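Novice: One structure is given below, represented as structure tokens, and several questions about it will come after.
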Amino acid sequence: MLTLFSACSMEEDDTVEIQVAAASSMQDALRDLEKEIENQEEHIDVVFQFGGSGSLQRQIEQGAPFDIFLSASEADFNALVEADKIKPEQAEHLLTNDLVLIQPTNTKTPIDAVEELTKANIATIAIGTPESVPAGTFAKEALENMHMWEELEDNIVQARSVRQVLTYNEENSVDAGFVFKTDAEASNRVETRETISANLHADILYPIGIVRDTDHPEAAAKIYDYLVSDEAKDVYEAYGYEVVEE
């Protein structure tokens, strides 16, 4: 077991709070890790704030008091590195994922592939807002490369996170949607219709790094080390992510 903090490193009644800005698609795996961290160390409180990676990136750029950023978008992460907001020496590519097309399990308009989204009975297709939600960015890029975006644009329902896209499909509020593979696998109320070819969009990478302006560099480094540890990677793989070997 990895020890995160020695009890002698702080006063008995002190607690350090570490704020982790994390992509919405990481919720399930990180909730498991949150329990493990706090079970091991009573003097550290890890708070995960989930959202679209683009939205979280802008918050960090504007000075939000996050200590660690785990993004589902390499572009959003790199923007912070270039703005000197992330320490490049304490950052790495952690995970990869796949983009998939899903439908509600009890849909009345089943299809088998992305090309069938142009059918007249497919009226609503949920994607994350492309400007702030990586899964939405990848979905739009894939549809553009398939020369389908303009034809489908009027049917697109934008969501504030990939998990909202999943919820819309679980509730049968839309006819289809694009989410990450790990989101689809977390629900028994949706079915995956197709895994989108990686050639149709930019690489899906989850970088993680420490925010340069953290008020708790020692504690942030300990949590970062845990989130990239072999123990944590076992949890990610259990949820369907692939670990990047660098």
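The values are calculated or read from the model by the stated rules, or taken from the named source; none is laboratory data. Every value quoted in this text rests on a predicted model; they were computed, and no experiment measured them. Here the Cβ is made from the backbone with ideal geometry for all residues, glycine too, and neighbour counts use every protein chain on show.
Novice: When the range 63-114 is examined, which residues are found to be aliphatic (A, V, I, L, M) and under 22 Å from E151 (Cβ atoms)?
Specialist: Those that are aliphatic (A, V, I, L, M) and under 22 Å from E151 (Cβ atoms): L99, V100, L101, I102, I111, A113, V114.
Novice: I've got another one for you. Here are M26, M1, M10: which of them is modelled with pLDDT of 95 or more and either closer than 21 Å to A232 by Cα or surrounded by 15 or more Cβ atoms within 10 Å (Cβ to Cβ) (or both)?
Specialist: On inspection, the qualifying residue turns out to be M26.
Novice: Then there's this: If you check D98, D76, D154, which single one turns out to be among the acidic types (D, E) and touching a strand residue (DSSP E or B) at 6+ places or on another chain (Cβ under 8 Å)?
Specialist: Checking each option against the conditions leaves just D98.
Novice: Moving on. Determine whether the range 220-228 contains at least one residue that is more than 27 Å from A79 (Cα to Cα) and in contact with a Ser or Thr (Cβ under 7 Å, 6 or more places away or on another chain).
Specialist: no
Novice: Oh, and also: So, in the range 39-61, how many residues would count as being part of a helix (DSSP H, G or I) and either within 23 Å of T182 (Cβ to Cβ) or aliphatic (A, V, I, L, M) (or both)?
Specialist: The number of residues fulfilling the criteria is 6.
Okay, residues lined up against (1) crowded, with 16+ Cβ neighbours inside 10 Å; (2) at pLDDT 95 or above; (3) of a type in the set (A, V, I, L, M); (4) touching a Cys at 6+ places or on another chain (Cβ under 8 Å):
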{"residue": "F138", "(1), (2), (3), (4)": "yes, yes, no, no"}
{"residue": "N145", "(1), (2), (3), (4)": "no, yes, no, no"}
{"residue": "E153", "(1), (2), (3), (4)": "no, yes, no, no"}
{"residue": "S173", "(1), (2), (3), (4)": "no, yes, no, no"}
{"residue": "A176", "(1), (2), (3), (4)": "yes, yes, yes, no"}
{"residue": "V190", "(1), (2), (3), (4)": "yes, yes, yes, no"}
{"residue": "P207", "(1), (2), (3), (4)": "yes, yes, no, no"}
{"residue": "V211", "(1), (2), (3), (4)": "yes, yes, yes, no"}
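Novice: Among A220, A238, which is buried (at least 16 other Cβ atoms within 10 Å of the Cβ), closer than 23 Å to V47 by Cα and not polar (S, T, N, Q)?
Specialist: Step by step, each of A220, A238 is checked, and only A220 is buried (at least 16 other Cβ atoms within 10 Å of the Cβ), closer than 23 Å to V47 by Cα and not polar (S, T, N, Q).
Novice: Any chance you could count how many residues in the range 90-103 are touching a Phe, Trp or Tyr at 6+ places or on another chain (Cβ under 9 Å), surrounded by 18 or more Cβ atoms within 10 Å (Cβ to Cβ) and part of a strand (DSSP E or B)?
Specialist: 8
Novice: Among all residue pairs at least 6 apart or on different chains, which show Cβ distances below 7 Å where the first residue, located in the range 102-124, is among the hydroxyl-bearing types (S, T, Y) and the second is at pLDDT 95 or above and in a helix (DSSP H, G or I)?
Specialist: From residues that are among the hydroxyl-bearing types (S, T, Y), the pairs are T118/E151; T118/L152; T124/N155.
Novice: Go through the range 44-85 and give me each residue that's farther than 20 Å from I223 by Cα, of a type outside the set (D, E, K, R) and buried (at least 20 other Cβ atoms within 10 Å of the Cβ).
Specialist: Answer for the range 44-85, where residues must be farther than 20 Å from I223 by Cα, of a type outside the set (D, E, K, R) and buried (at least 20 other Cβ atoms within 10 Å of the Cβ): G52, G54, S73.
Novice: Here is a follow-up. Of these, V174, V165, which one is of a type in the set (V, I, T) and either out of contact with any Gly (no Cβ under 8 Å at 6 or more places or on another chain) or part of a loop (DSSP other than H, G, I, E, B) (or both)?
Specialist: Only one candidate qualifies: V174.
Novice: What are the residue pairs meeting all of these: first residue in the range 136-161, first residue free of Cβ contacts under 8 Å to residues at least 24 places away in the same chain, second residue outside any loop (DSSP other than H, G, I, E, B) and crowded, with 17+ Cβ neighbours inside 10 Å, Cβ atoms under 8 Å, and 6 or more apart or on different chains?
Specialist: K140/I127; W149/K140; W149/L143
Novice: Given the criterion assigned to a loop (DSSP other than H, G, I, E, B) and either within 15 Å of the chain's Cα centre (by Cα) or modelled with pLDDT of 95 or more (or both), identify the matching residue among A64, A75.
Specialist: A64
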